[in-house]
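The values are calculated or read from the model by the stated rules, or taken from the named source; none is laboratory data. Not measured: the values here are computed from a predicted model. We place every Cβ from the backbone using ideal geometry, glycine too, and count neighbours over all the protein chains shown. For the accessible areas, the whole protein counts, side chains as well, though only heavy atoms, and no ligand, DNA or RNA atoms are used. Shrake-Rupley method; radii C 1.70, N 1.55, O 1.52, S 1.80 Å.
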Amino acid sequence: RMPIAGNGNHLHIMYAGALCTLAEFPFGILYANTHDMRSFLPIVKSMEVKFLRPAVTDVEVEMSMSEEWIQAVVANASTLGKADFTLETQLKATDGTVVATGHAVYQLRAGELHKSQRDPPVVGVQG
């Protein structure tokens, strides 16, 4: 859910960048919470967002995929080292009105995050 508070623009509707973020991130979050990120990494290759109506309330994203579908993508990535696939999202206002749709091409890539991406950054002064 993306709150309208703090994400409005000069027209008092939701900023387009906030809607793009909401359309893009669901697959990565779902995948990371249900699968081992040490074996396969999801990346976004391209994305198109269609703005259908002004968003004047909080907005929620809807996306669905079955475990069987994910396993087929993982199997393809296991065989080829990577697998491209598309996902569609709907962004809805609190009253259920679809305010935007997203169409994203993702890639599930075999491999582990580079060490520098796994370790949290060192914050503070050393010495």
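Data overview
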quantity	calculated
Estimated distance in nm for a label pair at residue 84 and residue 60, the labels positioned 7 Å out from Cα along Cα-to-Cβ	3.3 nm
Ranked by how many other beta carbons lie within 10 Å on average, peptides 45-54, 86-95 from highest	86-95, 45-54
Kyte-Doolittle mean at least -0.5 and Cα axial length at least 18 Å: DSSP H helices in the chain	67-80
Surface share of carbon and sulfur [accessible, 1.4 angstrom probe, percent] for the chain	55 percent
10 Å binning of all Cα-Cα separations within the stretch 11-85, expressed as whole percents from 0 upward	15, 44, 25, 13, 3
Check: the chain dipole with +1 on Lys, Arg Cβ and -1 on Asp, Glu Cβ, in debye	340 debye
For semi-axes √(5λ) of the Cα gyration tensor in Å, calculated from these coordinates, the label among (i) 30, 22, 11; (ii) 24, 21, 12; (iii) 31, 15, 12	(i)
Simple label model, 7 Å out from Cα along Cβ direction - residue 32 to residue 75, nm	2.8 nm
For residue 57, solvent-accessible area (1.4 Å; no DNA, RNA or ligand), Å²	40 Å²
Relative intensity, log₁₀ I(q)/I(0), of the stretch 48-110 from a Debye sum that treats every alpha carbon as a point, q = 0.13, 0.18 Å⁻¹	-0.46, -0.69
Protection proxy ranking of 35-41, 13-19 - average other beta-carbon atoms within 10 Å, highest first	13-19, 35-41
